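Notes for the one structure printed next.
The values are calculated or read from the model by the stated rules, or taken from the named source; none is laboratory data. Just so you know, these numbers come straight off a predicted model, no measurement behind them. Quick reminder, even Gly has a Cβ in these numbers, built from the backbone with ideal geometry, and neighbours come from all protein chains shown. Ligands, DNA and RNA are excluded from the accessible area calculation, which covers all protein heavy atoms including side chains. Shrake-Rupley method; radii C 1.70, N 1.55, O 1.52, S 1.80 Å.
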Protein chains: 2
Amino acid sequence: MAETDDTGFQAAGRDDLTSRARIRNAALHQFAVKGFAGTPLRTIATEAGVAIGLIGHYFGSKEGTREAVESWIVGLFASALDRADSQSADTVADVTVRDETVAQMLAGNPLVVDYLRRQVLELPTDGMLISRLASLTMESVEAMRNAGQASSSRDRVEQVVTAMVRQLGRLFLQPLVDQVIDSFPEEEQPAIHPELRVEIKTAQ
Amino acid sequence: MAETDDTGFQAAGRDDLTSRARIRNAALHQFAVKGFAGTPLRTIATEAGVAIGLIGHYFGSKEGTREAVESWIVGLFASALDRADSQSADTVADVTVRDETVAQMLAGNPLVVDYLRRQVLELPTDGMLISRLASLTMESVEAMRNAGQASSSRDRVEQVVTAMVRQLGRLFLQPLVDQVIDSFPEEEQPAIHPELRVEIKTAQ
DNA sequence: CAAACGATTGAACAATCTTTCAATAGCTTA
DNA sequence: TAAGCTATTGAAAGATTGTTCAATCGTTTG
């Protein structure tokens with residue numbers, strides 16, 4: 001693996017990407033849309049424009065391909081948080097800046113949202129991804145506490161949960177709204193889709 | 001098909017169920033936990049304690065098995081709404097009673113919640129289930145409008161969306177909260193899981 | 001009793017899937 | 001140029017899947 005990998009964030013023509021990156025992108029796309037079990041490796045190979053054998057060559061197995069996709073996603077979150085800190089005037093960015101930066105990253109990678117939404121359902125057997133993102137968020141919370149930008153009296157775990165629900169809750173639930181609305185004939189559908197609001201009411 | 005089918009709601013010993021019902025229950029269980037594509041028919045047969053061939057005999061195909069599961073779920077919602085009406089003093093139950101009755105039904109059938117949550121994510125390709133439940137909810141909304149128990153000035157579709165989000169939103173999002181909390185060592189986890197609140201903010 | 005019928009089984013089949021691997025092409029380095 | 005990499009291919013193997021079907025069992029019906 002002598003070649004560098006793209007982050008998918010900087011603009012890059014489809015044909016400029018390495019085979020490895022194209023495979024990873026195709027896997028993310030298929031897993032997000034059809035699910036892990038519902039995606040044959042052949043489909044990934046076709047979408048990436050490579051031969052089947054190349055997937056095994058780079059990622060070892062189908063499970064290894066999933067791992068690569070998830071590590072890439074974790075990297076996306078990590079770099080978004082780093083960006084928030086570096087763009088902030090303070091040493092550490094506050095909640096608003098962090099949320100906004102993550103939201104922008106997710107808006108630019110809708111497939112990541114689709115993938116994550118699925119992961120939350122798939123049983124904790126192999127669902128390490130959410131746990132990895134939780135760790136990342138915990139680091140973020142710690143940094144904010146140390147900088148006095150987050151309450152130090154509230155429970156840490158609770159702060160992590162709140163942050164993740166704030167970032168992901170609305171995005172996860174949107175398909176419910178969309179599917180319900182789309183199930184009605186077009187002339188009955190409201191022009192503007194109702195806006196979802198998801199909150200956590202901290203236990204008393 | 002001379003035999004009657006259970007509703008799964010009244011208590012019934014596992015061994016009292018017909019093969020048909022046991023297959024349907026096993027299918028619901030596996031689809032909810034592993035997903036449709038991730039569930040081999042052999043697994044369903046084993047859990048139901050029958051031979052593979054019997055599934056085809058009763059449901060024709062794997063797709064037919066899914067259909068049977070979904071029809072059973074639709075029936076569960078329909079009978080819950082009927083029950084709400086019959087228990088109400090008025091001719092038509094009000095929103096609170098309906099929501100409460102549906103909530104009780106879902107609490108008694110957690111696998112149904114898991115199954116539905118998956119349906120919302122799995123692409124609308126074949127996902128007729130949400131659409132069927134939306135129709136059911138629309139009938140419910142119409143009944144309430146006619147009885148003067150629901151505003152007649154607001155948009156019908158919007159009322160349906162609101163009702164379904166109210167009934168399902170929190171349940172769908174709970175796994176996110178649980179997975180995040182469970183990803184921390186047990187001694188750090190808060191005693192009481194934070195309470196989720198999901199609302200719809202009607203478009204202005 | 002005999003015939004008929006639904007319930008049930010498990011093997012067989014064809015299709016599809018993942019993984020493996022030998023072979024080729026292309027590029028770098030000594 | 002020769003040798004040694006890595007990238008890439010596509011066929012083959014081996015496992016798994018959904019579906020089909022002939023055969024058996026048990027009960028009901030004539």
Some residue of the stretch B:165-179 being modelled with pLDDT of 80 or more and of a type in the set (G, A, S): yes
When residues of the stretch B:89-119 are limited to those that are among the hydrophobic types (A, V, I, L, M, F, W, C) and modelled with pLDDT under 75, the one surrounded by the most Cβ atoms within 10 Å (Cβ to Cβ): B:A93
The stretch B:162-188 residues that are without any contact (Cβ under 8 Å) to a residue 12 or more places away in the chain, paired with ones that are open to solvent by less than 10 Å² (accessible area, probe 1.4 Å) and in a helix (DSSP H, G or I) (beta carbon under 6 Å, 6 or more apart): B:L176/A:V120; B:Q179/A:I130; B:V180/A:A134; B:V180/A:V161; B:V180/A:M164; B:S183/A:A134; B:F184/A:V157; B:E188/A:V157
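Determine, yes or no, whether A:A134 is modelled with pLDDT under 85 and either assigned to a loop (DSSP other than H, G, I, E, B) or at negative phi (or both). So that I can check it myself, show each step before the final result.
Details: modelled with pLDDT under 85: no; either assigned to a loop (DSSP other than H, G, I, E, B) or at negative phi (or both): yes.
In short, no.
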The stretch A:29-85, subset touching a Gly at 6+ places or on another chain (Cβ under 8 Å) and among the aromatic types (F, W, Y), residue farthest from DNA strand D (Cβ to nearest atom): A:W72
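Is at least one residue of the stretch A:168-179 farther than 20 Å from B:M128 by Cα, assigned to a helix (DSSP H, G or I) and at the interface with chain B (Cβ under 7 Å from one of its Cβ atoms)? Quick ask: steps written out before the conclusion?
At the first step, the residues of the stretch A:168-179 found to be farther than 20 Å from B:M128 by Cα are A:168-171.
Next, only the ones that are assigned to a helix (DSSP H, G or I) stay: A:168-171.
Filter again for at the interface with chain B (Cβ under 7 Å from one of its Cβ atoms), leaving A:168-169.
Taking every residue of the stretch A:168-179 in turn, at least one turns out to be farther than 20 Å from B:M128 by Cα, assigned to a helix (DSSP H, G or I) and at the interface with chain B (Cβ under 7 Å from one of its Cβ atoms).
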Where B:E158 falls short, out of the listed (1) within 7 Å of chain A (Cβ to nearest Cβ); (2) open to solvent by 60 Å² or more (accessible area, probe 1.4 Å); (3) modelled with pLDDT of 85 or more: (2)
Criterion: modelled with pLDDT of 85 or more and within 16 Å of DNA strand C (Cβ to nearest atom) - qualifying residue of B:T65, B:T4: B:T65
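What about B:A37, is it part of a helix (DSSP H, G or I) and either within 16 Å of DNA strand C (Cβ to nearest atom) or among the small types (G, A, S) (or both)? I'd like the intermediate steps shown before the answer.
Working: part of a helix (DSSP H, G or I): no; either within 16 Å of DNA strand C (Cβ to nearest atom) or among the small types (G, A, S) (or both): yes.
Answer is no for this residue.
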Qualifying residue in the stretch A:14-22 (condition: basic (K, R), at negative phi and touching a residue at least 24 places away in the same chain (Cβ under 8 Å)): yes
Some residue of the stretch B:137-159 being out of contact with any helix residue (DSSP H, G or I) (no Cβ under 7 Å at 6 or more places or on another chain), in a helix (DSSP H, G or I) and among the hydroxyl-bearing types (S, T, Y): no
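Tell me the residue from A:V74, A:V33, A:V50, A:V95 that is under 19 Å from A:M128 (Cα atoms), of a type in the set (V, I, T) and out of contact with any strand residue (DSSP E or B) (no Cβ under 9 Å at 6 or more places or on another chain), please. Even if it seems obvious, please write down each step before you answer.
Details: A:V33 fails: under 19 Å from A:M128 (Cα atoms); A:V50 fails: under 19 Å from A:M128 (Cα atoms); A:V95 fails: under 19 Å from A:M128 (Cα atoms).
After applying the criteria, what remains is A:V74.
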Criterion (small (G, A, S), loosely packed, with under 13 Cβ neighbours inside 10 Å and not in a loop (DSSP other than H, G, I, E, B)) met by exactly one of A:S86, A:S79: A:S86
Residue match in the stretch A:44-55 (condition: charged (D, E, K, R), without any contact (Cβ under 8 Å) to a residue 40 or more places away in the chain, within 20 Å of A:Q119 (Cα to Cα) and within 16 Å of DNA strand C (Cβ to nearest atom)): no
Residue within the stretch B:182-190 that is at the interface with chain A (Cβ under 7 Å from one of its Cβ atoms) and surrounded by 18 or more Cβ atoms within 10 Å (Cβ to Cβ) present: yes
